[in-house]
Number of protein chains: 4
Amino acid sequence: MCGILMAMTIRVGVAGCTGYAGGEALRLLLGHPEVEIGTLSAGASAGSTLGTQQPHLRPLADRRIAETSAAELATNDVVIMALPHATSGPIAAELPDDVAVIDCGADFRLADAEDWEKFYRTPHAGTWPYGLPELPGQREKLTGTRRVAVPGCYPTSVTLALLPGLVHGVIDGSDVVVVAASGPSGAGKAAKPHLLGAELMGSASAYGVGGVHRHVPEILQNFRTLGAVDPSVSFTPVLVPMPRGILATCTAPLAAEVDAAEVQRIWTETYADEPFITVLPPDQWPQTQYVTGANAAHIQVTVDTAAHRVVAVAAIDNLTKGTAGAAVQCLNLAMGLPETTGLPVVGVAP
Amino acid sequence: MCGILMAMTIRVGVAGCTGYAGGEALRLLLGHPEVEIGTLSAGASAGSTLGTQQPHLRPLADRRIAETSAAELATNDVVIMALPHATSGPIAAELPDDVAVIDCGADFRLADAEDWEKFYRTPHAGTWPYGLPELPGQREKLTGTRRVAVPGCYPTSVTLALLPGLVHGVIDGSDVVVVAASGPSGAGKAAKPHLLGAELMGSASAYGVGGVHRHVPEILQNFRTLGAVDPSVSFTPVLVPMPRGILATCTAPLAAEVDAAEVQRIWTETYADEPFITVLPPDQWPQTQYVTGANAAHIQVTVDTAAHRVVAVAAIDNLTKGTAGAAVQCLNLAMGLPETTGLPVVGVAP
Amino acid sequence: MCGILMAMTIRVGVAGCTGYAGGEALRLLLGHPEVEIGTLSAGASAGSTLGTQQPHLRPLADRRIAETSAAELATNDVVIMALPHATSGPIAAELPDDVAVIDCGADFRLADAEDWEKFYRTPHAGTWPYGLPELPGQREKLTGTRRVAVPGCYPTSVTLALLPGLVHGVIDGSDVVVVAASGPSGAGKAAKPHLLGAELMGSASAYGVGGVHRHVPEILQNFRTLGAVDPSVSFTPVLVPMPRGILATCTAPLAAEVDAAEVQRIWTETYADEPFITVLPPDQWPQTQYVTGANAAHIQVTVDTAAHRVVAVAAIDNLTKGTAGAAVQCLNLAMGLPETTGLPVVGVAP
Amino acid sequence: MCGILMAMTIRVGVAGCTGYAGGEALRLLLGHPEVEIGTLSAGASAGSTLGTQQPHLRPLADRRIAETSAAELATNDVVIMALPHATSGPIAAELPDDVAVIDCGADFRLADAEDWEKFYRTPHAGTWPYGLPELPGQREKLTGTRRVAVPGCYPTSVTLALLPGLVHGVIDGSDVVVVAASGPSGAGKAAKPHLLGAELMGSASAYGVGGVHRHVPEILQNFRTLGAVDPSVSFTPVLVPMPRGILATCTAPLAAEVDAAEVQRIWTETYADEPFITVLPPDQWPQTQYVTGANAAHIQVTVDTAAHRVVAVAAIDNLTKGTAGAAVQCLNLAMGLPETTGLPVVGVAP
């Protein structure tokens, strides 16, 4: 039996191995029992060894980084793409159909080409199965697939926070307000002055305010998937001084006369069988520290009776459940493995 | 003329001098040209010198701390009270009427005794002039007064963010949603496990969710003052890893068909003469670093057309414009000094 | 063979399960393939469920916490003790000899009773095999043992940084100087004002300066073990704003005319077979982020020719290789398992 | 008298107004009673307004930024230069002799051209009076001067920490060891990947290890000024997650048989008349939070009897006493004003 398992070892390449998402994917893959790590590729860093770029990935320190190209990547069973937006499309197009491509970028997330072009200002590359297995019916669509569009980190947190309420009709999706505190690793490793440590430590700031953030159409698409008719979201991301993590505070008008106990029951029951989602016990509110490095979402929900709104808060690690952990979760589904294989659910706290 | 000014030097005592609010008041008073620092009082630390409690206040390091009592405090022209809630009332009651009492606590903020008792579960102490001079007509009420209730830090940030919209009728106060990121100094210096550095660094967490935070009735009271009929606010405070600062993201439904340029114009004009409020130029969003240690609020506003909401973001330092700076601003008004005397408006950034 | 392995599952209890060290031990044990988690015990929190105390340990959320007592703990094959200093001795004394006791506290680390009493001011409990397998010959002493004294976090970092130099006689142990930056989780979860987030964020501070820190005699004991005659260390811990991690900068006079390349060669060769120690390639210096949550030490070394000193820098996670990871490493040795079983070596970066 | 003072108002220009040092200089100058702010100049940002670059400097928000050139700067009484190393020399050479030039860069700090060329690899520009008035006899040299080389931030902290011991012959300067924790603002605002917030938050790292940091020759030069013969320093800077601040832990062998009380007496007496230096009371150790934004150094010292070393710890704000505050202090001396004019000594804590 061991021999059979070894024969089944899945070779996984990572394109964009020097960035934060690529590094997190490799960290998880190093702990994955059914995977061997294949091609490591990057852009400007091609030719150097991974140890100079990702000093924490000791077991891969001496691995040489290849140039990101379809030729290099086609030797793998699975390719996780952690590339800048609008760059994964052309490479994916050249990869054989039987190579599973799991794209952490935005290129294939949106079904609506007009939405894509409005927010990204490049031609729409297409639409792939959306890598959020917790959406109703989505797990089935991801099983055995060879193309996955991993969700954005903010849409994951917001969608998971509100999903039970939309599915069960207790919230109204037409006036959702979300403010999501986030660490800067989601913005990547490219050096920009406003992302300097001196700028961010000791400070909080909003950005992409007023409906202009690129994750807005993706959030609305998910709300529609969950049954919202003509959904609306006021979404404000707030950069705060922590390297990782998203805490999404999401409110929506009540669509039914439910109280706190009832929404907690609905949320808890909805996620009862989800291995990566925890609705916390009443009175415990999510903290990002508790999901650091884990493919987990912690959620709590209550009713603000006076404001006639549900308030749901979700904590995820933007690099894990928000990106690379979700990619591995989808890899498991795509390759017919148990969905939880190799994925930590316990955060590194404090 | 100098002689006359010296004769007018105002003796200011600080009750609760060992806490964060008391320390910030003293930092500001040390830079105030018309003030001499009088009684320093505290509870458990009485008898020690201030240098052991507030090492940054070097010029006062050798000053002995008295017990907080009306007898000790009555020797001052002004008393700034930075005490736990529900403790300033009894002391204030014993102070002479001509001593100006500026209370940083909540005791005298609320006009509605029922609101007070519901949120604080102690008897209502009364209502004093509310120390937010930027409210229409309020500056006049504070001039020469001998009793001031300094606003809470969250209500200050939220009220200032939305004031122009309420006053000018372009937002609807009946469905306001606020999420405010804050550092932990607002919670004071009492040692509690959930406020430990190891817990807070690297983590964001919501608390007081669902309308239960004590600042909710104060926010609603201010909205009513600004003309809102039957206001509502969904308010969620989020603790983030920075010692000081509040970034309040506030959204309200549009009550008029205005666009981003128009709301920016309204906000800018409303605050044109306010010395401590800056509506930033378009495209610049507030960051808490820029108001650290300053009696300043930075504000930006836009319209989310798709969500049919105004989004206004305000940054303040919770200890300065949020507490002790506001106290000094009110002291200036109460004592007939120019309102800006001794108050820094430039933050210590980065 | 699988059946045999299952029959060998080791039941591990954790005393002090609600603290940071206990929590980290449980995080690691949850990923350990040969372990089932037995008794969870604590002091004041006994009777509650673990989920209320350690929200990240989801798989154990519903486990009830027992009182810490020998009777409760005796049902386990191994007990990891993560208790305040001077409290593990009495309990350990009552546990059966065949229960492996792995003490994360200081009680049994020092061989010299006088040292113990001078620094801890309680009677000396005894001396157990010292849980630093990287010390020459120590691995053998730990194999199969039923009592282990896990090293202090600072001594681990300092000893690993300088070990190759002492063993190979290229540094002089009689005038070592160490300054170690550390996050506050090493100080535990007890609420003390100087450990509040508002105090620590944005600030660095030295403590225990001048040879008074309790880890000094342990460091010197290790230096003697490594061959130093009459060793001396000036040791200063510095608290910095990160939840976890120690970065120890260690300098010692040169005892031989070696250059940077030579010391790097010696350090690298000394640790060539150590699974948890990495001497980084030249020009890469350790960062604590790269060992967060990993049972790993990253080390770099050079020669300051002008100062005639070697400078070695070690990064560890104080809770992992510095405490709970070392405990599991020793558990593996004690129970005859491969030393690396269940221990992550890849940090959660950034 | 007021009229006379107004006539004496000093016009101060700042070259490099968009960086951290330039911004801090402007923050202090805005609070300086004898100064009006003259030319603001920069490189790439010339032509924009200051508000877009330094949002905290509200009173200067609309000021247009000029190109850095001698022609633009010559209109000022004083020019504070906050430019990259090796760029201030050529501009200074073209400025009239009666314009006071206060250079925050390194160009004119070193007396030894060989040292300069070894560490900076450009030709030596010359040597100006060194802007550390606390050095014996230095205050006099700075009074009325028209050229000042402001010290580096690390040399300031180290020199102030050890000065009393060197002057009084109680420490031996031939084997000093310093490890200095610092925030990243000292590295400036240029975007480099290793200075990203995601890299720095939650992590500590050493850099410039082994005697290669450019501040080493400046530290040694100061030690010689203080009487050390053939001094040596092992200097290691450590980047830690706080925006501002340096905590320098400095140890030196005892040169006399003194105890802790005696060194504390010597340090305290040495600095008794220094307005910006505080030797803390016994048992209080410096914390960077207490000097944030202040032109102040907090120092504590003790003896490690077993290690036969003095340990002195100094906390400064690298941007204030470490750079821009020192520049203003020197401006005061150069222009014949009281040395303390316009300089805050109280930090913004917490």
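For D:VAL346, the conditions (1) under 16 Å from B:LEU30 (Cβ atoms); (2) among the hydrophobic types (A, V, I, L, M, F, W, C); (3) within 13 Å of chain C (Cβ to nearest Cβ) are fulfilled apart from (3). Evaluated against (1) hydrophobic (A, V, I, L, M, F, W, C); (2) more than 14 Å from chain B (Cβ to nearest Cβ); (3) outside any loop (DSSP other than H, G, I, E, B), D:ALA44 falls short on exactly one condition, (3). Out of all the residues in the stretch B:24-36, is one or more assigned to a loop (DSSP other than H, G, I, E, B), of a type in the set (Asp, Glu) and either modelled with pLDDT of 95 or more or surrounded by 15 or more Cβ atoms within 10 Å (Cβ to Cβ) (or both)? Yes, the stretch B:24-36 contains a residue that is assigned to a loop (DSSP other than H, G, I, E, B), of a type in the set (Asp, Glu) and either modelled with pLDDT of 95 or more or surrounded by 15 or more Cβ atoms within 10 Å (Cβ to Cβ) (or both).
How many residues are touching a Pro at 6+ places or on another chain (Cβ under 8 Å) and more than 30 Å from C:PRO193 (Cβ to Cβ) when one looks only at the stretch B:243-262? Steps first, answer last, please.
Let us first name the residues in the stretch B:243-262 that are touching a Pro at 6+ places or on another chain (Cβ under 8 Å), namely B:243-244, B:247, B:260-261.
Going one step further and asking which of them are more than 30 Å from C:PRO193 (Cβ to Cβ), we end up with B:260-261.
The qualifying residues number 2.
Taking the criterion of being at the interface with chain C (Cβ under 7 Å from one of its Cβ atoms) and of a type in the set (A, V, I, L, M, F, W, C), the only residue of the stretch D:217-237 that qualifies is D:VAL233. Being more than 11 Å from chain A (Cβ to nearest Cβ), in contact with a helix residue (DSSP H, G or I) (Cβ under 6 Å, 6 or more places away or on another chain) and small (Gly, Ala, Ser), is that true of even one residue in the stretch B:267-288? Within the stretch B:267-288 (the criterion being more than 11 Å from chain A (Cβ to nearest Cβ), in contact with a helix residue (DSSP H, G or I) (Cβ under 6 Å, 6 or more places away or on another chain) and small (Gly, Ala, Ser)), the answer is no, since none of the residues qualifies. If the condition is being within 20 Å of B:ALA206 (Cβ to Cβ), without any contact (Cβ under 8 Å) to a residue 60 or more places away in the chain and outside any strand (DSSP E or B), then the stretch A:305-341 contributes A:THR305, A:ALA306, A:ALA307, A:HIS308. For B:LYS118, the criteria (1) in a helix (DSSP H, G or I); (2) free of Cβ contacts under 8 Å to residues at least 60 places away in the same chain hold in every case but one, which is (2).
Return the residues of the stretch A:24-76 that are under 18 Å from A:LEU337 (Cα atoms), in contact with a Gly (Cβ under 8 Å, 6 or more places away or on another chain) and acidic (Asp, Glu); say none if nothing qualifies. Listed by number, the list holds a single entry, A:GLU34.
The set of residues from the stretch D:72-91 being touching a helix residue (DSSP H, G or I) at 6+ places or on another chain (Cβ under 8 Å) and either within 16 Å of D:TYR20 (Cβ to Cβ) or not in a loop (DSSP other than H, G, I, E, B) (or both) comprises D:LEU73, D:VAL78, D:VAL79, D:ILE80, D:MET81, D:ALA82, D:LEU83, D:HIS85, D:ILE91. Looking at the stretch B:154-172, which of the residues that are surrounded by 24 or more Cβ atoms within 10 Å (Cβ to Cβ) and among the small types (Gly, Ala, Ser) is farthest from the other protein chains (Cβ to nearest Cβ)? Here the answer is B:GLY165. For the stretch D:37-70, give me the residue count where each residue is of a type outside the set (Gly, Ala, Ser), under 26 Å from B:LEU280 (Cβ atoms) and surrounded by 19 or more Cβ atoms within 10 Å (Cβ to Cβ). Final tally of qualifying residues: 12.
Of all residues in the stretch C:292-308, those satisfying the criterion of being among the polar types (S, T, N, Q) and within 13 Å of chain D (Cβ to nearest Cβ) are C:THR292, C:GLN300, C:THR302, C:THR305. Only one of the numbered conditions (1) over 22 Å from the mean Cα position of the chain (by Cα); (2) at pLDDT 95 or above is violated by B:ILE80, and that is (1).
Listed here are the residues, each with its yes/no results for (1) among the acidic types (Asp, Glu); (2) surrounded by 24 or more Cβ atoms within 10 Å (Cβ to Cβ); (3) under 29 Å from C:LEU343 (Cα atoms).
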site	(1), (2), (3)
C:ALA261	no, no, no
C:ARG265	no, no, yes
C:THR268	no, no, yes
C:ASP283	yes, no, yes
C:TYR290	no, yes, yes
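Residues checked against (1) crowded, with 24+ Cβ neighbours inside 10 Å; (2) under 30 Å from B:LYS141 (Cα atoms):
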site	(1), (2)
B:TYR207	no, no
B:PHE223	yes, yes
B:VAL233	yes, yes
B:LEU239	yes, no
B:GLY245	yes, yes
B:THR249	yes, yes
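Which of the residues belonging to the stretch C:270-299 are at pLDDT 95 or above and farther than 24 Å from C:PRO184 by Cα? If you could, list the steps in order and put the result at the bottom.
The first filter runs over the stretch C:270-299 and keeps only residues at pLDDT 95 or above, leaving C:270-281, C:284-299.
Residues satisfying the conditions are C:THR270, C:TYR271, C:ALA272, C:ASP273, C:GLU274, C:PRO275, C:THR278, C:VAL279, C:LEU280, C:PRO281, C:GLN284.
Close Cβ contacts (under 8 Å, 6 or more residues apart or on different chains) running from residues in the stretch A:198-215 that are within 13 Å of chain D (Cβ to nearest Cβ) to residues that are of a type in the set (Gly, Ala, Ser) and assigned to a strand (DSSP E or B) comprise A:ALA204/A:ALA181; A:ALA204/B:ALA181; A:ALA204/B:ALA315; A:SER205/B:ALA315.
Tell me whether the stretch C:238-258 contains one or more residues that are free of Cβ contacts under 8 Å to residues at least 40 places away in the same chain and more than 10 Å from chain D (Cβ to nearest Cβ). Scanning the stretch C:238-258, I find at least one residue that is free of Cβ contacts under 8 Å to residues at least 40 places away in the same chain and more than 10 Å from chain D (Cβ to nearest Cβ), so the answer is yes. Within the stretch B:92-104, can one find any residue that is in contact with a Gly (Cβ under 7 Å, 6 or more places away or on another chain), crowded, with 24+ Cβ neighbours inside 10 Å and in a loop (DSSP other than H, G, I, E, B)? No; the residues of the stretch B:92-104 include none that is in contact with a Gly (Cβ under 7 Å, 6 or more places away or on another chain), crowded, with 24+ Cβ neighbours inside 10 Å and in a loop (DSSP other than H, G, I, E, B).
Here is a list: B:GLY197, B:GLY183, B:GLY202. Which entry is crowded, with 24+ Cβ neighbours inside 10 Å, closer than 19 Å to B:GLY245 by Cα, modelled with pLDDT under 95 and not assigned by TED's automatic domain parsing to the domain that holds B:GLY43? Even if it seems obvious, please write down each step before you answer.
On the way: B:GLY197 fails: modelled with pLDDT under 95; B:GLY183 fails: modelled with pLDDT under 95.
Just one listed residue meets the conditions, B:GLY202.
Looking only at the stretch D:9-23, which residues are assigned to a loop (DSSP other than H, G, I, E, B) and touching a Leu at 6+ places or on another chain (Cβ under 7 Å)? Walk me through how you get there before you give the answer.
Here is the first cut: in the stretch D:9-23, the residues assigned to a loop (DSSP other than H, G, I, E, B) are D:9, D:16-19.
Correct list: D:GLY16, D:CYS17.
Residues in the stretch A:49-71 that are more than 14 Å from chain C (Cβ to nearest Cβ), not in a loop (DSSP other than H, G, I, E, B) and not hydrophobic (A, V, I, L, M, F, W, C): A:ARG64, A:GLU67. Just one of the listed residues (A:THR288, A:THR268, A:THR278) is touching a residue at least 40 places away in the same chain (Cβ under 8 Å), hydroxyl-bearing (Ser, Thr, Tyr) and in the same structural domain as A:VAL178 (by TED's automatic domain parsing), and it is A:THR288. The listed residues are C:ASP230, C:ASP259, C:ASP273, C:ASP317, and the only one of them that is of a type in the set (D, E, K, R) and under 27 Å from D:ILE246 (Cβ atoms) turns out to be C:ASP317. I'd like to know if the stretch A:71-86 contains one or more residues that are free of Cβ contacts under 8 Å to residues at least 60 places away in the same chain, buried (at least 22 other Cβ atoms within 10 Å of the Cβ) and not assigned by TED's automatic domain parsing to the domain that holds A:ALA187. Looking for residues that are free of Cβ contacts under 8 Å to residues at least 60 places away in the same chain, buried (at least 22 other Cβ atoms within 10 Å of the Cβ) and not assigned by TED's automatic domain parsing to the domain that holds A:ALA187, one finds none in the stretch A:71-86, hence no. Scanning the stretch B:309-322 for residues that are of a type outside the set (Val, Ile, Thr), more than 7 Å from every other protein chain (Cβ to nearest Cβ) and closer than 27 Å to A:ASP175 by Cβ turns up B:ALA312, B:ALA314, B:ALA315.
The values are calculated or read from the model by the stated rules, or taken from the named source; none is laboratory data. Please read all numbers here as calculations on a predicted model, not as lab measurements. Note that we place each Cβ from the backbone using ideal geometry, even for glycine, and neighbour counts take in every protein chain shown.
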